[in-house]
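Notes follow the structure.
Values quoted throughout were computed directly from the atomic coordinates according to the rules given, and no laboratory measurement underlies them. Note that the structure is predicted; figures quoted are calculated from it, not measured. No Cβ is skipped: glycine too gets one built from the backbone with ideal geometry, and neighbour counts run over all protein chains shown.
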Amino acid sequence: MTRALPAFQFLLTLAVTFLGLLAITFVIGRVVPIDPVVAVVGDRASMETYNATKEAMGLDDPLLVQFARYVVQVVQGDLGMSVSTGRPVAEDLARVFPATFEMATLGILIGVVIGVPMGVIAAARQGRWIDQVIRVIGLAGYAIPAFWLGLIGLVVFYANLRWVGGPGRIDFFLDGMVPVRTGLLLVDSAIDGNWEAFASAFSHIVLPSFILGFFALAYIARMTRSFMLEQLGQEFITTARVKGVPERLILWRHAFRPIRVQLITVIGLSYAGLLEGSVMIETVFSWPGIGNYLTTALLNADMNAVLGATLVIGAVFVGINKGSDALYRVLDPRART
Amino acid sequence: MTTRDWLLSDDPETRMQARLGVAYRLARDLARNPLAMVGFAIILGLLLVAAFAPWLAPYSPVEGELANRLQPPSWTHWMGTDELGRDILSRVIHGARITLTIVLLVAVISAPLGLLVGTVAGYFGGWVDRVLMGLTDIFLSLPRLVLALAFVAALGPGIENAVIAIAIAAWPVYARIARAEVLTFKGAEFLDAIRMQGASKLRIIALHVMPLCMSSTIVRVTLDMAGIILTAAGLGFLGLGAQPPLPEWGAMISRGRSFILDQWWVATMPGFAIVIVSLGFCLFGDGLRDVLDPKQRSRG
């Protein structure tokens, strides 16, 4: 009982949050100033046709009934048809999602691999120049628009230095040459043994991932620094120092260990944030992911696609957030109540 | 007695004197923090530029000379000209008004809403608290930018709708903060005293609970300003915020995208304005937090 209850509560809040997300997309779908019936029958239809169609579409039913129907549809994986692509939205989303996942995952890896050591070093050298540099990077992460940094990155590293590939996922002459297995181009081309495609895909993903990674590392480094400073001020650190434990061991073994669990939540939060940030970055880099799909749908007033993409991004966001929260509770004995 | 002594007096004679004294102490503490003052100077600069835009801008923000299109930065056009021959500096200066309007409107809508939800939830407790905070948590756990995008998609593009969309996505944070603050003094005797004097619940919340949550809310709003500016610019960049020919910074970057490889200044210059203004709010917000909310003070 004592063990099952938190798990049950967790699932309940998760379900309520998802239901809330569905309610929001449902409401957004209702406030659209386009009359869905007129969209079907045209504005010259007679009143009878209009009413008959309205009834057939279920728009006569009470809102709650309509909402219940909507929830059932979504749970069954039916997100409606996209007006602009002419395919089911769910199918479209399944096709574009791996591209976003690949970019965001590489981004969070960059953020963790660079951000965590940066935060530890900043805490160890508190107040020195390296700490100031990291502070400035942290501030920049809050003040620089991602899409602007992306544009500048393209000008500098693609147009002028020619270090990386341009917009898109792969050079156009290699497009479609790699059989789709996982949808992750780096993985697929490696499985296929097509190293030319792998190199091309890599040169295209590096820049957008680094720009996403920059925003992740700004946040991760800041949080790591403040967690580390908290630990370094504790008495057991002083004890270790008095015992003559080398500073490196104090940093990584004594001070860093206890904060690993806290970092999971931070990393989870910034990973979820990256999925959101990819909406902007994908537009800049013409990256065929879910963000690009969403913005294209927005400009075409393709509401089913907009709501479907919002729903998927929202669900993944909620899933990662709540998941890292739950992991934190499981891993940290102090958080168990 | 100097004005300073009067302000710092330990037993003020009037309520006004006490309040001015508190304000003086805050201003003095803030002035000791150089980074906060840099942020303050930037915000002041933004206000002045927005107020005097027509006098400061050397050219018209909407009319250009096609003969002068896509000119690089020079002494006559400090930031160059765009694809319609409009002076970019003049557009950036006028854009300050739009940015300021968006930021202020979002703050004016979302902060009181969050404050109201948070204080009511915290003060009443019980099922009111559970319902309101459940709602807040749902909004809080959703991605803000994507939520704003979806709302704009439904309401239609434009500044007003962008403001509404951003405000809808922004209020939950303030509700959480206000509620947490209320819980710290909910059982305090001064509230019992007011209650025994027969004050209504509305009066207690509006006049005695809310004012105490103001400082932490103000700090948070200031810190959030940078995020609001970035979201607004992002909506503009996607073509969902301010519509042409309005000189909104995000929309300007979006227009400049087509020329980014040859005429880098068109897209780059408005970006600098966004970075500087966001940075100003970040720095000032950090300073305010240290002064108003010492518990949250960041170490080091």
### Message
Just want to confirm a number: the relative contact order over chain B, from Cα pairs under 8 angstrom separated by 6+ residues, in percent.
### Response
22 percent
### Top of A:T182, A:T100, A:T295 by mean-square fluctuation, Gaussian network on chain A, Cα under 10 Å
A:T182
#### Entry: Quotient of Cα Rg and 2.2 N^0.38 Å for segment A:283-337, N being how many residues it contains
1.66
### Query
Binned at 10 Å from 0, what are the whole-percent values of the Cα-Cα distance distribution for the protein assembly as shown, short to long?
3, 13, 23, 26, 20, 11, 4, 1, 0
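Placing unit charges on C-beta atoms (Lys and Arg positive, Asp and Glu negative, everything else neutral), compute the dipole magnitude of the protein assembly as shown about its Cα centre in debye, rounded to 20.
Working: 50 positive and 46 negative charges, 465 e Å.
Roughly 2240 debye, rounded to the nearest 20.
Can you pull the mean other chain C-beta count within 10 Å for peptide A:165-171?
Numbers: counts 0, 1, 0, 0, 0, 0, 0.
Taking all residues of A:165-171 together, the mean is 0.
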### Query
Translational D (Stokes-Einstein, µm²/s) of segment B:41-195 at 25 °C and 0.890 mPa s when Rh comes from the Kirkwood sum over C-alpha pairs?
130 µm²/s
## Note on the structure
Of the convex hull drawn through the C-alpha atoms of segment A:4-75, the volume per residue in Å³ is 85 Å³
### Summary
Rounded to two decimals, the Debye log10 I(q)/I(0) of chain B (Cα scatterers, no solvent) at q = 0.08 Å⁻¹ is -0.45
### Query
What's the average, rounded to a whole number, of partner chain beta-carbon atoms within 10 Å of each residue's beta-carbon in A:133-144?
4
### Query
Under the Kirkwood approximation for Rh and a Cα-based Rg, what ratio Rg/Rh is obtained for segment A:150-219?
1.02
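Using the number of other C-beta atoms within 10 angstrom as an exposure proxy, rank A:H204, B:H77, A:H254 with the fewest first. Before the final figure, lay out each step's value.
Numbers: A:H204 24, B:H77 21, A:H254 18.
Listed from fewest to most nearby Cβ atoms, that is A:H254, B:H77, A:H204.
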### Task
Give me the aspartates and glutamates in straight-line cross-link reach of A:K54: C-alpha distance below 17 Å, same-chain residues under 8 apart excluded.
A:D35, A:D43
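Could you list the square roots of 5 times each eigenvalue of the Cα gyration tensor of segment B:218-290, that is, the equivalent ellipsoid semi-axes, sorted largest first and rounded to whole Å?
Details: eigenvalues 146, 36, 10 Å².
The answer is 27, 13, 7 Å, longest axis first.
Calculate, for B:L20 and B:L44, the FRET efficiency according to 1/(1 + (r/R0)^6) with r their C-beta to C-beta distance and R0 35 Å; round to the nearest 0.05. Could the numbers behind the result be given before it?
Values: r = 21 Å, r/R0 = 0.59.
The pair B:L20/B:L44 has a calculated efficiency of 0.95.
Just checking the output field for A:17-24: average partner chain Cβ neighbours within 10 Å of each residue's Cβ?
4
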### Message
Using Cα-Cα distances under 8 Å and only pairs 6 or more residues apart, what relative contact order does chain A have, in percent?
### Response
25 percent
#### Entry: Estimated vicinal HN-Hα couplings, Hz - segment A:318-326 in sequence order (Karplus 6.51, -1.76, 1.60; Gly, Pro = x)
4, x, 5, 4, 5, x, 5, 5, 5
### Message
Mean-square fluctuation check for chain A, GNM, Cα pairs under 10 Å: which of A:D43, A:D78, A:D325 is largest?
### Response
A:D43
### Query
Under a straight-distance cross-link criterion of Cα-Cα below 13 Å, which aspartates and glutamates are reachable from A:K322, leaving out those fewer than 8 residues away in the same chain?
B:D137
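What do you get when you divide the Cα radius of gyration of chain A by 2.2 N^0.38 Å, with N the number of residues?
1.22
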#### Entry: Selected from B:E83, B:E181, B:E65 as most flexible by GNM, with chain B as the system and alpha-carbon contacts under 10 Å
B:E65
### Message
Let's see if you can work this out: charge +1 on each Lys and Arg Cβ, -1 on each Asp and Glu Cβ, no other charges. What is the dipole magnitude of segment A:4-75 about its Cα centre, in debye to the nearest 20?
### Response
240 debye
### Task
Compute the semi-axes of the equivalent ellipsoid of segment A:45-149, taking the square root of 5 times each eigenvalue of the Cα gyration tensor, and list them largest first in whole Å.
52, 16, 14
### Query
So, counting K/R as plus one and D/E as minus one, what does the shell of residues with Cβ under 12 Å around B:F259 add up to?
0
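Using only C-alpha atoms and all pairs of different ones, pull out the Kirkwood radius for segment B:151-241 in Å with one decimal.
Numbers: mean 1/r = 0.0649 Å⁻¹.
Here the Kirkwood hydrodynamic radius works out to 15.4 Å.
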### Query
In percent, how large is the relative contact order of segment A:206-337, given Cα pairs closer than 8 Å and 6 or more residues apart?
25 percent
### Task
Write down the Å³ per residue value for the convex hull defined by the alpha carbon atoms of segment B:111-208.
99 Å³
